[in-house]
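The values are calculated or read from the model by the stated rules, or taken from the named source; none is laboratory data. Bear in mind that the values here come from a model prediction, so they are computed numbers and not experimental data. Glycine gets a Cβ as well: all are built from the backbone with ideal geometry, and neighbour counts include every protein chain shown. To get the accessible areas, we keep the full protein, side chains included, count just its heavy atoms, and leave off ligands, DNA and RNA. Shrake-Rupley method; radii C 1.70, N 1.55, O 1.52, S 1.80 Å.
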Amino acid sequence: MFPGFVLQQIMNSLAVRQVLPKGAGRTELVWTCFGYASDDAKMDELRMRQSNLVGPAGYISLEDGAATGFVQRGAAGASERSSFVEMGGRSVESSESRVTETSVRGLWQQYRRHMGL
Amino acid sequence: MDAALQLAVENLIARYVHAIDDDRLEDWPGFFVEKGRYRITTAENFEHGLPLSIIYADSRAMLADRVSALRHANIYEAQRYRHLVSSTLVERVDADTARATSNFQVVRIMHTGDSMLFASGRYLDRIRLHGDGGRPQFEERVVIIDSRSVDTLLAIPL
């Protein structure tokens, strides 16, 4: 139940990407996209068009599942080994660049705190 | 039952799936009228009246954009589809329009040869009987996938 989700903003629409592990070799990714009850038909239409960017056929997210699948397949044959890329440093903070794993570091640091590790 | 209408609709749907399966994606937008609508959604979303779609287009131009993205922008493992379409029920709306419901299954064949039943569901179509060149075209095609999930990604349209 530990926060396995990313809250994101695409243009002016909010969305949640939720990771549901189903086993060692299987994960489900659930997309939830939000609108407001006060949205009119034109805004609904706009959000529908923006939703093309996300989801399993999303223009910006289509490759994500496949890419993590490649990593899974590649790592399967190297279970005794480890590697580490310090992308964006070691801290958990906002950055000028998008090339950072700050949110991943933040997740694991919080996890360790909660688990007393 | 209007046999000529049934055949015309089945022929449209057959030409549509062959274009996709044959990797003639550039032909895909032409199956729709200019302001044609196409969306893929899940049965769960559809039944709950939730509009979120996996692919959404409300014009032929948006379909052409998607083809362009698949050919030039997106990166995904080489794969092909094989559609099976069956049980097409056709209902005439007026002199120029018909509705149709069909079942479909799509096998996805990866470049490795691995094949899987990728998607099953139904097509809900609204068809203009005399579109471009006098041929039937889709005014709207709603693709409802039975499953709530899609394996890895959906690149090629259904």
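The table for this structure:
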read-out	value
Residue under evaluation B:Leu153, criteria (1) without any contact (Cβ under 8 Å) to a residue 60 or more places away in the chain; (2) open to solvent by less than 10 Å² (accessible area, probe 1.4 Å), criterion not met	(1)
Residue list for the stretch B:62-90, restricted to those being more than 16 Å from the chain's Cα centre (by Cα), more than 10 Å from chain A (Cβ to nearest Cβ) and of a type in the set (Ser, Thr, Tyr)	B:Ser68
Residue match in the stretch A:36-52 (condition: out of contact with any Ser or Thr (no Cβ under 6 Å at 6 or more places or on another chain), among the hydrophobic types (A, V, I, L, M, F, W, C), facing another protein chain (nearest Cβ under 10 Å) and open to solvent by 50 Å² or more (accessible area, probe 1.4 Å))	no
Unique residue being within 14 Å of another protein chain (Cβ to nearest Cβ), touching a helix residue (DSSP H, G or I) at 6+ places or on another chain (Cβ under 7 Å), surrounded by 10 or more Cβ atoms within 10 Å (Cβ to Cβ) and closer than 30 Å to B:Leu70 by Cα when the list is A:Leu29, A:Leu20	A:Leu29
So B:Tyr81, is it in contact (Cβ under 8 Å) with a residue 40 or more places away in the chain, under 28 Å from A:Gly25 (Cα atoms) and open to solvent by less than 60 Å² (accessible area, probe 1.4 Å)	yes
Failed condition for B:Glu47, given (1) within 14 Å of chain A (Cβ to nearest Cβ); (2) surrounded by fewer than 14 Cβ atoms within 10 Å (Cβ to Cβ)	(1)
All positions within the stretch A:91-107 that are more than 14 Å from the chain's Cα centre (by Cα) and surrounded by 10 or more Cβ atoms within 10 Å (Cβ to Cβ)	A:Ser91, A:Val92, A:Glu93, A:Ser95
Qualifying residue in the stretch B:134-149 (condition: within 28 Å of A:Ala41 (Cα to Cα), within 14 Å of chain A (Cβ to nearest Cβ), touching a helix residue (DSSP H, G or I) at 6+ places or on another chain (Cβ under 6 Å) and assigned to a helix (DSSP H, G or I))	no
Exclusive hit being out of contact with any Gly (no Cβ under 8 Å at 6 or more places or on another chain) and over 13 Å from B:Gly30 (Cα atoms), set B:Val107, B:Val143	B:Val107
